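Everything below concerns the one structure shown next.
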Amino acid sequence: MNEALLRELVPAVIGVLVRRGADFATAEDAVQEALIEAVRVWPDDPPREPKGWLVTVAWRKFLDLARADAARRRREERVDEQPPAEPAPATDDTLQLYFLCAHPSLSPASAVALTLRAVGGLTTRQIAAAYLVPEATMAQRISRAKRTVARVRFDQPGEMATVLRVLYLAFNEGYSGDVDLAAEAIRLTRQLATRTMHEEAAGLLALMLLHHARRPARTGTDGRLIPLAEQDRSRWDTRLIAEGVDVLQAALARDRLGEYQAQAAIAALHADAPTAAETDWVQIVEWYDELVALTDSPIVRLNRAVALGEADGPQAGLAALAELDEGLPRYPAAAAYLHERAGDRATAARLYATAARAAVTIPERDHLTRQAARLNTGLRS
Amino acid sequence: MAKYLLLKHYRGAPAAVNDVPMDRWTPEEVTAHLKYMDDFAKRLERDGEYVGGVALSPEGTFVRYDGEGRPPVTDGPFAETKDLIAGWMVIDVDSYERAVELAGELSAAPGAGGRPIHEWLELRPFLADHADTTE
């Protein structure tokens, strides 16, 4: 059994312990310890019933932890040796864990960390490595998050919107350290979409699959960022694209549009174009109109202006851009792109240099600096 | 072993010999520079002399306490700020001489025309957080 399959069992095992009367925080710690033991023991001695094995070991760990806790507080607390009979679950434990870990009372950073551990089954060390913070920092963030949700009832209905946002944030963290958070977010979103049949969960899954499909083409061998229009499309993962399109079509057929479905539709139109020149920009602008109606987000309006520049020409794009706040993130980069398309290379070069100074990632900064350098080199000769 | 902070300045250091802003280089020169920096960090890491490094955005804000019950005051970014840090690297090396040697190598990173920038880097020793165990 590989590590991913093992981790799939985590939320259900936590659910069993909670139903037996364990508190969520201790149950979660106990399951983590059981996982560590499984990784150590299973290669030589694989269990016949992996889930049953994990439940037994986790329950024993829970008793140890509860006893240690009781001793520490110098209180006599009677903990049953034999687990009580499990009440039949009325709700889906795994689903309840998604809601608990993305509870609106948690900050986004805490919710992501708790979700990756309790739903995803990642260790604190792995999550810390992915976020480039010390393990002790991540351990504190997770235990603080657990204290925050300690009084939330396990079976109360949760908010799908916060769950989806947490998964989206984890996906965007991408790949650093030894854990591929994008792949992990896809696994968790797929599991969620299967369990709920929620059209926006499906929309988010489709969006992730379609973006993930382009990942091999997005970075050059030297680590440089390759923009969509310049990507080698033969390196896109056609299997992921096909799955993303299928998931999206099924969601759209339910006729309850949301922002993730609309974003996925835009990603699907890009995926559908054999070359950048064949992109259906008119339809993409229509989807951006839907997104503006759904979200009223200035970032969406900025992206719409760039798409409009492709559909109706750079002047139309610049006119749409002129209605927006210049202080928006990526405004200078969008303006630079449209000015170059309109033939004003000197303005474009100046704006690319401005955009590079405002960039929030190193690959983006380097990409924008190269664009300014390219235009300035052209202007000199 | 001794730890040193290698500071790179956007502004505030004496002018480099080959002082041309990066967006005025050719794209190939930008690529060569980035590769040099990347290779340098990787080599230090391999040799066990690299502790960490960070690149900073040039846009920053000054913040100060403004009294009980009031939100902090923010100001900036200041175009005229004399000193602006671009980033840092922390190295753990045998001697001051080794730290100077490494800073010199980093300063030789290629810039406009593919020639070394001869940029001034600031080298600051860490203060150890414990006293020597031998007196």
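Would you mind listing the helices (runs of 4 or more DSSP H) fully within the stretch A:292-381 where at least 2 residues are hydroxyl-bearing (Ser, Thr, Tyr)?
A:331-341, A:345-358, A:362-380
Could you check the stretch A:22-72 and list, in sequence order, the residues that are at pLDDT below 90 and of a type in the set (Gly, Ala, Ser)?
If the condition is that a residue be at pLDDT below 90 and of a type in the set (Gly, Ala, Ser), then A:Ala66, A:Ala68, A:Ala70, A:Ala71 are the ones that fit.
May I ask you to say which residue of A:Pro329, A:Pro363 is away from chain B (no Cβ under 11 Å) and at pLDDT below 95?
Sole residue among the options that is away from chain B (no Cβ under 11 Å) and at pLDDT below 95: A:Pro329.
Check the stretch B:61-79 and report whether any residue there is at pLDDT below 95, away from chain A (no Cβ under 11 Å) and surrounded by 13 or more Cβ atoms within 10 Å (Cβ to Cβ).
No, there is no match, as no residue in the stretch B:61-79 is at pLDDT below 95, away from chain A (no Cβ under 11 Å) and surrounded by 13 or more Cβ atoms within 10 Å (Cβ to Cβ).
So which helices (runs of 4 or more DSSP H) stay within the stretch A:103-217 end to end and still have 3 or more residues that are more than 13 Å from the chain's Cα centre (by Cα)? Write out each step before concluding.
Details: elements: A:108-114, A:124-130, A:135-148, A:160-173, A:181-196, A:199-213.
In the stretch A:103-217, the matching helices (runs of 4 or more DSSP H) lie at A:124-130, A:135-148, A:181-196, A:199-213.
For the structure I just gave you, tell me whether A:Arg357 is on the phi > 0 side of the Ramachandran plot, of a type outside the set (Gly, Ala, Ser) and surrounded by fewer than 23 Cβ atoms within 10 Å (Cβ to Cβ).
Taking the combined requirement at face value, the residue does not satisfy it.
Considering the stretch B:35-49 alone, what residues qualify as being among the charged types (D, E, K, R) and within 14 Å of chain A (Cβ to nearest Cβ)?
Going through the stretch B:35-49, the residues among the charged types (D, E, K, R) turn out to be B:35, B:38-39, B:42-43, B:45-47, B:49.
Once the filter is applied, which keeps residues that are among the charged types (D, E, K, R) and within 14 Å of chain A (Cβ to nearest Cβ), the stretch B:35-49 yields B:Lys35, B:Asp38, B:Asp39, B:Lys42.
Scan the stretch B:92-104 and give yes if some residue there is surrounded by 14 or more Cβ atoms within 10 Å (Cβ to Cβ), within 14 Å of another protein chain (Cβ to nearest Cβ) and outside any loop (DSSP other than H, G, I, E, B), otherwise no.
The answer is no, given that none of the residues of the stretch B:92-104 is surrounded by 14 or more Cβ atoms within 10 Å (Cβ to Cβ), within 14 Å of another protein chain (Cβ to nearest Cβ) and outside any loop (DSSP other than H, G, I, E, B).
The values are calculated or read from the model by the stated rules, or taken from the named source; none is laboratory data. From a predicted model like this one, the values you see are computed outputs, not experimental measurements. Here Cβ is always computed from backbone atoms with ideal geometry, including for glycine, and neighbour counts include all displayed protein chains.
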